[in-house]
Amino acid sequence: TRSAMDHQPKFFENLSGTGKAIGVLTSGGDAQGMNAAVRAVVRMGIYVKAKVYFVYEGYQGMVDGGDNIVEVSWESVSSILQVGGTVIGSARCKSFRTREGRLQAALNLVRRGITNLCVIGGDGSLTGANLFREEWSGLLEELAQKGKIDEEAVKKYAYLNIVGMVGSIDNDFCGTDMTIGTDSALHRIIEVVDAIMTTAQRTFVLEVMGRHCGYLALVSALACGADWVFIPEYPPEEGWEDTMCIKLSENRARKKRLNIIIVAEGAIDCHNKPISSEKVKDLVVQRLGFDTRVTILGHVQRGGTPSAFDRILASRMGVEAVLALLEATPDTPACVVSLSGNQAVRLPLMECVQMTQEVQKAMDEGRFVEAVRLRGSFAISFHAFQYLASVYDEKIKHYVEMKVLIIICLLQSNFNVAVLNVGAPAAGMNAAVRAAVRVGITEGHKMFAVIDGFEGFARGKIKEISWGDVGGWTGQGGSILGTKRTLPAKYLEKIADQMRTNNINALMVIGGFEAYLGLLELSAAREKYDEFCVPMVMVPATVSNNVPGSDFSIGADTALNTITD
């Protein structure tokens, strides 16, 4: 309750919202996690003693006023964290695009003393908010001239502060690693793919959202180990039909039971002609005779409850948005709260909008490599998919930094690299092993799988593993290699013998805190055993997320989603 809160210690001693009013609205297409952001803005605003108002139905509600702008309490946002969509509504508003509409919106805000706005939406919604801010003083003067407000109100409410948060399942906004709603949409897609993969031997073509941005298609293809993906940012080269059919045939020859092809709804070819899911299906049927089905996911991707990641992301962004409003001055430009690494950061709103628009401009002009580069972290996923699907394009390599977590930093080729799991099983371990094996093979190394961790290593349970051996591992839970918590200290001599016998030149350990301790023990034994004087890499994989130096471990997100489910 509010009275109970008054006795709680404040964590932001120098920031007070006393005498300030904050309006929060959602605009544009809805996205899972928007309610978590709204909740965070309301509760953080009340925490710092500010008044907080819902603006129902987006900019339309701001223009219409009346019951669409309502002061809210702490309890007003109870039990909305797990609700999809937006409880305060979102609507397209033609009237707000006119000066008359914005004039009416300004009047409705001034009457309630609102000079701080938190806007949750896409780049169009945020651009509109920035224009509103730039016109604010002129709008107030015009209202005063018309006698709708007095001069005292013009002076008292002279400045409007704007903070944006991006709510979009497409992850199409430059400046942030992830937008609110994207992770939940990816979960919807992967749930469908996982269900499909249990059916008989077929080829499935999945069409996902992404008219102008292929992030959902690309990352879901990476997450499910798809055979092929079509995205608008990077059309396939001339002759892609032959290349794709050859790859599908090769995968079937490796005893792969089914093929997955993912198509973004805005996918195009190099002549700027649409590539539809039906077109891909017809091609596969005509060329290969495979039993092929099309699944169009549509608004299923927008629906359902938000994932744990989206709830956390939106909550952290909402808190940061209120802090940004409290710290804003008349000279502070409108900002957008973004995710960089694992931190909520503030960036100039219009710089991010302009960068986002540059991507579309590059695509319209056929500068597709540049479009991928401008997408930022998108390029890393694109690079990783090409590696792991064996459709690597040298043209893109120059533009992308090698930052994929599980790529081994080895400059030489012909290394023998051993991969093992250590500690408790964690969802995602198998995907990491698959990626390590395929990247290693692509780079010219021999890859060896160690069964049952350090204990299995000591007993000689090690074998060479091929590209096809890890097919279908991406969606498998647990550890296919087997994993144990046993540390290597009591097996050092036997592990050294196995490394010498198999000529192991590098070691990758995927696991939790035991993996971390295990590598420390091997490193400490280097003076005694020359076999341990090789590159060693530890990839954090634990639901506990307790490995030093890592913000997030493989498996932690899946565990969080299991809890929230």
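Compute the length gained on full extension between Thr442 and Val70: take 0.36 nm times their separation in residues and subtract their Cα-Cα distance, giving the result in nm to one decimal.
128.0 nm is the gain from fully extending Thr442 to Val70.
Expressed as a whole percentage, what fraction of the accessible surface of region 24-83 belongs to carbon and sulfur atoms when a 1.4 Å probe is rolled over the protein heavy atoms?
Taking all protein chains in place, region 24-83 shows 47 percent carbon and sulfur surface.
Give me the angle, in degrees from 0 to 90, between the Cα long axis of helix 99-110 and the longest principal axis of the Cα atoms of the chain, rounded to the nearest 10.
On a 0 to 90 degree scale, this one is about 80.
Excluding residues fewer than 8 places away in the same chain, name every one of the aspartates and glutamates whose C-alpha is closer than 12 Å to that of Lys51.
Glu71
Would you mind working out the accessible area per residue for the chain, using a 1.4 Å probe, and quoting it in Å²?
On a per-residue basis, 43 Å².
Write down, largest first, the equivalent ellipsoid semi-axes of region 1-160 in whole Å, where each equals the square root of 5 times an eigenvalue of the alpha-carbon gyration tensor.
Working: eigenvalues 138, 87, 29 Å².
One finds semi-axes of 26, 21, 12 Å for region 1-160.
State, to one decimal in nm, how far the label point of Asn546 lies from the label point of Val345, with both points 7 Å from Cα in the Cβ direction.
3.1 nm
Based on the alpha-carbon gyration tensor of region 429-522 and its eigenvalue square roots a ≥ b ≥ c, which shape applies: rounded if a/c is under 1.5, prolate if not and a/b is larger than b/c, or oblate? Present the calculation step by step, with values, prior to reporting the outcome.
Numbers: a/c = 1.93, a/b = 1.33, b/c = 1.44.
Judged from the Cα gyration tensor, region 429-522 comes out oblate (a/c at least 1.5, b/c at or above a/b).
Leaving ligands, DNA and RNA out of it, report the carbon-plus-sulfur percent of the accessible area of region 182-302 at a 1.4 Å probe. The partial results should precede the final answer.
Values: 2610 of 5100 Å².
Here carbon and sulfur together make up 51 percent of the probe-accessible area.
For the chain, find the longest principal axis of its Cα atoms and tell me its angle to the long axis of helix 308-327, 0 to 90°, nearest 10.
40 degrees
Would you work out the relative contact order for region 405-564, in percent, from Cα pairs under 8 angstrom that are 6 or more residues apart? Could you put the intermediate results ahead of the total?
Details: 340 pairs, mean separation 44.3, N = 160.
The normalised contact order for region 405-564 reaches 28 percent.
For region 265-363, what size does the Cα cloud have along each of its three principal axes, sorted from largest down, in whole Å?
Principal extents (largest minus smallest coordinate, Cα): 64, 34, 22 Å.
Could you bin all the Cα-Cα distances of the chain into 10 Å bins starting at 0 and give me the percent of pairs in each, rounded to whole numbers?
3, 16, 23, 22, 17, 11, 5, 1, 0, 0
What are the chymotrypsin sites (Phe, Trp or Tyr not before Pro) within region 86-155 that DSSP puts in a loop, where the Cβ has at most 14 other Cβ atoms within 10 Å?
Working: sites: Phe96, Phe132, Trp136; in loops: none.
For chymotrypsin sites (Phe, Trp or Tyr not before Pro) across region 86-155 that sit outside H, G, I, E and B with at most 14 neighbouring Cβ atoms in 10 Å, the list is empty.
Can you tell me how much longer the chain between Arg92 and Tyr159 gets when fully stretched, taken as 0.36 nm per residue apart minus their C-alpha distance, in nm with one decimal? Please list the in-between numbers first.
Numbers: separation 67, 0.36 × 67 = 24.12 nm, distance 2.54 nm.
Here the segment from Arg92 to Tyr159 would lengthen by 21.6 nm.
Please report the antiparallel percentage of the DSSP beta bridges confined to region 182-302, to the nearest 5.
Values: 1 of 15 bridges.
The antiparallel fraction comes to roughly 5 percent.
Given Cβ point charges of +1 (Lys, Arg) and -1 (Asp, Glu) and nothing else, what value in debye, to the nearest 20, does the dipole of the chain about its Cα centre take? List each step's numbers first, then the result.
Working: 57 positive and 63 negative charges, 181 e Å.
Dipole magnitude for the chain comes out near 860 debye.
Report the residues of region 288-310 in range of a label on Ser249: point 7 Å along Cα→C-beta, backbone N strictly under 11 Å from it.
288-289
Mean projection of the alpha-carbon convex hull of region 319-386 over all orientations, in nm²?
Values: hull surface 23.7 nm².
That works out to 5.9 nm², a quarter of the Cα hull's surface.
Which chymotrypsin sites (Phe, Trp or Tyr not before Pro) from region 437-536 combine a DSSP loop assignment with at most 16 other Cβ atoms within 10 Å?
Working: sites: Phe448, Phe454, Phe457, Trp467, Trp473, Tyr491, Phe513, Tyr516, Tyr529, Phe532; in loops: Trp467, Trp473, Tyr529.
Answer by residue number: Trp467, Tyr529.
Given 5 Å bins starting at zero, what is the percent of C-alpha pairs of region 405-564 in each, up to the one with the largest pair distance?
2, 10, 20, 24, 21, 15, 6, 2, 1, 0
Count neighbours as other Cβ atoms within 10 Å of each site's Cβ, and list the trypsin sites (Lys or Arg not before Pro) in region 461-545 that are DSSP loop with at most 15 such neighbours. Each step should come with its number before you reach the end.
Details: sites: Lys461, Lys463, Lys484, Arg485, Lys490, Lys494, Arg500, Arg526, Lys528; in loops: Lys461, Arg485, Arg526, Lys528.
Those satisfying the criteria are Arg526, Lys528.
Please report the relative contact order for the chain, taking Cα pairs under 8 Å with a sequence separation of at least 6, and give it as a percent rounded to a whole number. If you can, show how the numbers build up before the last one.
Values: 1182 pairs, mean separation 70.4, N = 565.
Relative contact order of the chain: 12 percent.
Any idea what angle helix 240-253 forms with the longest principal axis of the chain, computed on alpha-carbon atoms, 0 to 90 degrees, nearest 10?
So the helix axis and the longest Cα principal axis differ by about 50 degrees.
List the lysines whose alpha-carbon lies under 20 Å from that of Lys273, not counting same-chain residues fewer than 8 positions away?
Lys281, Lys361
Among the listed pairs Lys94/Lys156; Lys255/Lys461; Lys494/Lys528, give every one whose C-alpha distance is greater than 21 Å. Mind showing how you got there, number by number?
Values: Lys94/Lys156 29 Å; Lys255/Lys461 25 Å; Lys494/Lys528 13 Å.
Over 21 Å Cα-Cα: Lys94/Lys156; Lys255/Lys461.
First measure r as the distance between the Cβ atoms of Glu100 and Glu191, then evaluate 1/(1 + (r/R0)^6) with R0 = 51 Å and state the FRET efficiency to the nearest 0.05. Could you put the intermediate results ahead of the total?
Details: r = 46 Å, r/R0 = 0.90.
The formula returns an efficiency of 0.65 here.
Against the globular-protein guess of 2.2 N^0.38 Å, express the Cα radius of gyration of region 182-302 as a ratio, rounded to two decimals.
Details: Rg = 13.4 Å, N = 121, 2.2 N^0.38 = 13.6 Å.
So region 182-302 has a normalised radius of gyration of 0.98.
Taking DSSP loops as anything outside H, G, I, E and B, show the longest stretch in the chain free of GluC sites (Glu not before Pro) there with at most 15 other beta carbons within 10 Å. Working shown, then result.
Details: sites that count: Glu13, Glu237, Glu238, Glu365, Glu401, Glu527.
The longest uninterrupted stretch comes out as 14-236.
Label points 7 Å out from Cα along the Cβ direction at Glu152 and Gln286: separation in nm?
My value for the distance between the label points is 7.7 nm.
Straight-line reach from Lys279: which lysines have a Cα under 22 Å away, not including same-chain ones fewer than 8 places off?
Partners found: Lys247.
Could you give the length gained by full extension between Thr558 and Asn503, i.e. 0.36 nm per residue of separation minus their alpha carbon distance, to one decimal place?
On the way: separation 55, 0.36 × 55 = 19.80 nm, distance 3.60 nm.
That works out to 16.2 nm of additional length.
What order, most packed first, do the peptides 291-299, 311-319 have when packing is the mean number of other Cβ atoms within 10 Å of each residue?
On the way: 291-299: 15.1, 311-319: 23.8.
Most protected by this proxy first, the peptides run 311-319, 291-299.
The values are calculated or read from the model by the stated rules, or taken from the named source; none is laboratory data. Source: prediction; values computed, not measured. Cβ: placed from backbone, ideal geometry, glycine included. Neighbour counts: every protein chain shown. The area values use the complete protein model at the heavy-atom level, side chains included, leaving out ligands, DNA and RNA. Shrake-Rupley method; radii C 1.70, N 1.55, O 1.52, S 1.80 Å.
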